[in-house]
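Remarks on the structure that follows.
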Amino acid sequence: MSSERAVAINAVLKASQLCQQVFRHLIDGETITKSDRTPVTVADLGAQAVVNEILHNSFPDDVIIGEEDSKILRGEDGKQLREKVLSLANTVLDTPLDDEKLLEAIDRGSHPGGTQGRMWTLDPIDGTEGFIRGDQFAVCLALIIDGHVQLGVMGCPNFPVDHKTPEGEKGCLFVAVKGQGSFQRKFTSAEETQIRMTDISSPSDASFCESVVASHSSHEDSAKIAALLGVTKPAIRMDSQCKYCSVARGDADIYLRLTRGDYLENIWDHASGSLLIQEAGGIVSDIYSKPLDFSLGRKLDNNKGVIVAHPKIHSQVIDAVQKVSLNK
Ligand SMILES: Nc1ncnc2c1ncn2[C@@H]1O[C@H](COP(=O)(O)O)[C@@H](O)[C@H]1OP(=O)(O)O
Ligand SMILES: [Mg+2]
Ligand SMILES: [Mg+2]
Ligand SMILES: [Mg+2]
């Protein structure tokens, strides 16, 4: 897994660099609303092209399940945006792409997923809403083999290196390999530090983290669950899979994702984060305590929501979740 680890780190760092460049210059017309009413920017598309191209050059037989596709960049209508995304991708790639190769690279992420074989899953920007606001977002990449996550890498450009000094250095990369632990490094150095979740025995000592966007996870329900568990610390609200990073390194203790209605989570929104937690000593399940099943396609068809906690308190958190009748 060492060559996969190195290639994935390089790809995520390059894509993170691209996102940082865009953020400094994001202008009107570079954020588009997709048919499901969620936003996508030139950075999401550029980052997917970069990661897919780097993966394909190193592992041409592997398939990729990525969030974005090239539809809005095609034809005369897409020309302006396509040129922008192409020039962005080429600022970080060693070998420049042309128009056709750019579209091809982005669409290499269209695999349907499944039970067998080696598949990468990519969220080129997780937390696009956070990215646009200048808050937390992450480039998330994972390798799934025969339905199980074996490698997870997350690049978090706005994430403080030390949560106690939020205004200090920002930009962290997180990496986990199955059976080898979870590690953090700064964007500015290749030195890695192993991270662990906080060893906690009582849920009343815990702090929660949850989505900023209440339609992604009910704040009202999490407050009821917190009250049942005797949690007194205020919930930490943060966009993106950076929540998994916060809990994995012990800044917070519980991540509640109380998915509403019949929304099904995407595999790229949870693959890297779930391994990062497991390798840092935690449990990741859905709201019924079932493990997340990454073998069913592009979505977590058999799961509802996500609950992350230390093994000593996970079952108590699940019990509290079950006692609250969740908002739809
Ligand atoms: N209704 C929804 N419920 C849960 N998650 C959602 C919903 N709509 C979008 N998302 C996804 O939530 C993630 C952000 O989560 P958070 O709010 O915790 O930062 C994004 O990946 C986003 O998907 P998408 O990437 O398609 O926009
Ligand atoms: Mg996402
Ligand atoms: Mg995304
Ligand atoms: Mg999106």
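Some values worked out for this structure:
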| quantity | calculated |
| --- | --- |
| Hz values of 3J(HN,Hα) by residue in the stretch 156-165 - Karplus curve (6.51, -1.76, 1.60), Gly and Pro given as x | 10, x, 9, 8, x, 4, 10, 5, 6, 10 |
| Over the chain, relative contact order from alpha-carbon pairs under 8 Å, at least 6 apart, % | 16 percent |
| Crossing angle, helix 2-25 versus the chain [Cα axis fit, 0-90 degrees, rounded to tens] | 80 degrees |
| Overall Cα dimensions of the stretch 2-195, principal axis frame, Å, largest first | 49, 43, 33 |
| Residue pairs, from the table LYS243/LYS323; LYS233/LYS299; LYS14/LYS224; LYS178/LYS290; LYS233/LYS304, whose Cα atoms sit over 30 Å apart | LYS233/LYS299; LYS14/LYS224 |
| Burial ranking of peptide ranges 236-245, 278-287, 207-216 (average Cβ count within 10 Å, highest at the top) | 236-245, 278-287, 207-216 |
| With Cα atoms, 0 to 90° folded angle of helix 79-92 axis to the chain main axis | 80 degrees |
| Within the accessible area of the stretch 207-328 (1.4 Å probe), percent carbon and sulfur | 52 percent |
| In nm, spacing of pseudo-spin labels at SER201 and HIS56 (7 Å Cα→C-beta vector) | 5.5 nm |
| Anisotropy class of the stretch 81-175 from Cα gyration tensor, a/c 1.5 cut | oblate |
| Helix 42-58 vs. the chain, principal-axis angle (Cα, 0 to 90°, nearest 10) | 80 degrees |
| Loop sites in the stretch 1-109: trypsin sites (Lys or Arg not before Pro), DSSP, at most 16 other Cβ within 10 Å | LYS34, ARG37, ARG74 |
| Compactness of the stretch 59-121, expressed as Rg and Dmax over alpha-carbon positions, Å | 13.1, 39 |
| Sequence ranges 183-189, 294-300, 91-97, ranked by mean other-Cβ count within 10 angstrom, highest first | 294-300, 183-189, 91-97 |
| Extent along principal axes [Cα atoms of the stretch 172-328; Å; largest to smallest] | 45, 37, 26 |
| Relative contact order for the stretch 172-328, counting Cα pairs under 8 Å that sit 6 or more residues apart, in percent | 26 percent |
| Neighbour net charge for GLY113 - beta-carbon separation under 14 angstrom, K R +1, D E -1 | -4 |
| Accessible area (Å², per residue) of the chain, counting only protein heavy atoms and a probe of 1.4 Å | 42 Å² |
| Given charges at beta-carbon only (K, R positive; D, E negative), |dipole| of the chain in Debye | 740 debye |
| Two-site FRET efficiency, SER2 against ASP319, from Cβ-Cβ distance with R₀ of 45 Å, rounded to 0.05 | 0.65 |
| Neighbour net charge for LYS299 - beta-carbon separation under 11 angstrom, K R +1, D E -1 | -3 |
| Largest-first principal axis extents of the Cα set of the chain (Å) | 57, 43, 39 |
| Top of VAL40, VAL153, VAL63 by mean-square fluctuation, Gaussian network on the chain, Cα under 10 Å | VAL40 |
| Environment charge at ARG185 (Cβ cut-off 14 Å; Lys +1, Arg +1, Asp -1, Glu -1) | 0 |
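The values are calculated or read from the model by the stated rules, or taken from the named source; none is laboratory data. A quick note: this is a predicted structure, and the numbers were derived from the prediction, not measured. All Cβ positions, glycine included, derive from the backbone under ideal geometry; neighbour counts span all protein chains shown. Side chains are part of the model used for accessible areas, which takes the heavy atoms of the whole protein and leaves out ligands, DNA and RNA. Shrake-Rupley method; radii C 1.70, N 1.55, O 1.52, S 1.80 Å.
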